[in-house]
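These notes are about the structure you will find just below.
The values are calculated or read from the model by the stated rules, or taken from the named source; none is laboratory data. Computed from a predicted model, the values in this text were never measured in an experiment. Here the Cβ is made from the backbone with ideal geometry for all residues, glycine too, and neighbour counts use every protein chain on show.
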Amino acid sequence: MAEAALGTSRPASPRRRDWQVLVDSAWFPVVVWAVWRLAQVTALVAVGGHPVGDTFRFDAAWYRSILAQGYHYDAPSTVQQNPAFPPGLPWLTEPFSWVLGDKWAAFVVANLVGLGAFVAVWWALRTWAGDRCARYGTIALALWPTSFYLWAFYSESLFVAATAVGLGAERKGRRWLVAVCAVVAGVTRVVGLLFGPVLAAVHWWRVRRLDLTGFLGAPRPGVRIYSCGPAPLLAAIAETCTAWPPFTLRVERFTGQTSEPAPKTTLRIESSRLGSSSRPITKSISTTPSSARFCVASTSPTKLRPHGPMRAPAMR
């Protein structure tokens, strides 16, 4: 069970919290993209290239021909033709071409979709594995040797953005967005037709096991997680909470009674106001008055370990 720490306000709804994350934290992939784009332009100019003209080299010329003239199919031959290229990228660019013309519309869309790919990868990784993994993954995307595809008028950037958003949406349980991303991926690249079945397999894998990360949500300060249950469950919760701020997790364990007399075990309690004392373990620590502050100890009857400050919750 996750709840706000005592003395703090109730956390915002999940939908509002997601928007707050995008607004407050999405500066990182934007900055990484800006630095990466500047480095790419500098390297391109250094070798005699052109920042705009080289956007339409190789396969980009085929996408631009689809944007300007539509699909054109001649008699079967060994010559490559533009029907070999899916229509997703030209469809996205066409509304911009009504205002900017074919060339500048393609240039603007190539850069905007490249930026969207960086933000989408950051968001998907953050949704699945936390902020640290998201930052490393975004930097790795910028350092990837073929990342220059993401500023050319190629379909790679749109495909990366669609698949990343689809994976993040599946993690969040937003099925309508998953369906939209599967369609976009399918009309962007031929391999994207497999993205829908892959998402279905990911969903099946998630629902057949307890999804603690999805249940607890993204790590955030000011939240305490109280857990109690069998040892395997507590171990899984502890592993899931490794990405959370320190001292977020609160664990209480119980042992069943046996026919043998219970050992005489004492628990040392350190209170910031009442001092220290040792007393027999006769009741759950959660029944202790909520006004005291404790160092939570290990449940081992022979060894007590400090675990951090907490305020014992009031039982209702």
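Okay, here's what the table says:
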{"item": "Filter result for Trp122 (under 25 Å from Leu177 (Cα atoms), touching a Pro at 6+ places or on another chain (Cβ under 7 Å) and in contact (Cβ under 8 Å) with a residue 60 or more places away in the chain)", "result": "yes"}
{"item": "Residue among Arg224, Arg171 that alone is buried (at least 16 other Cβ atoms within 10 Å of the Cβ) and outside the structural domain of Pro90 (by TED's automatic domain parsing)", "result": "Arg224"}
{"item": "Region 59-107, subset β-branched (Val, Ile, Thr) and touching a Phe, Trp or Tyr at 6+ places or on another chain (Cβ under 9 Å), residue surrounded by the most Cβ atoms within 10 Å (Cβ to Cβ)", "result": "Thr93"}
{"item": "Pro145, sole failed condition from (1) in contact (Cβ under 8 Å) with a residue 24 or more places away in the chain; (2) not in a helix (DSSP H, G or I)", "result": "(1)"}
{"item": "Residue check, Val190 more than 17 Å from Thr127 (Cβ to Cβ) and either in the same structural domain as Gly114 (by TED's automatic domain parsing) or polar (S, T, N, Q) (or both)", "result": "yes"}
{"item": "Residues satisfying the stated conditions in region 59-86, i.e. in a loop (DSSP other than H, G, I, E, B), closer than 21 Å to Ser97 by Cβ and out of contact with any Lys or Arg (no Cβ under 8 Å at 6 or more places or on another chain)", "result": "Gly70, Tyr71, His72, Phe85"}
{"item": "Residues of region 195-209 classified as assigned to a helix (DSSP H, G or I) and either of a type in the set (Val, Ile, Thr) or at pLDDT below 85 (or both), total", "result": "7"}
{"item": "Scope region 32-58; condition assigned to a helix (DSSP H, G or I), more than 30 Å from Ala134 (Cβ to Cβ) and in contact with a Phe, Trp or Tyr (Cβ under 8 Å, 6 or more places away or on another chain); matching residues", "result": "Phe56"}
{"item": "Of residues in region 9-63 being over 23 Å from Phe118 (Cβ atoms) and under 31 Å from the mean Cα position of the chain (by Cα), the one modelled with the lowest pLDDT", "result": "Ser9"}
{"item": "Meets criteria (within 19 Å of Arg189 (Cβ to Cβ) and surrounded by fewer than 23 Cβ atoms within 10 Å (Cβ to Cβ)) for Ile139", "result": "no"}
{"item": "Selection within region 210-248 - within 16 Å of Leu125 (Cα to Cα), assigned to a helix (DSSP H, G or I) and of a type in the set (Phe, Trp, Tyr)", "result": "none"}
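Per-residue answers, yes or no, for (1) outside any helix (DSSP H, G or I); (2) closer than 29 Å to Ala68 by Cβ:
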{"residue": "Val99", "(1), (2)": "no, yes"}
{"residue": "Ala106", "(1), (2)": "no, yes"}
{"residue": "Gly114", "(1), (2)": "no, yes"}
{"residue": "Ala140", "(1), (2)": "no, no"}
{"residue": "Tyr154", "(1), (2)": "yes, yes"}
{"residue": "Ala161", "(1), (2)": "no, yes"}
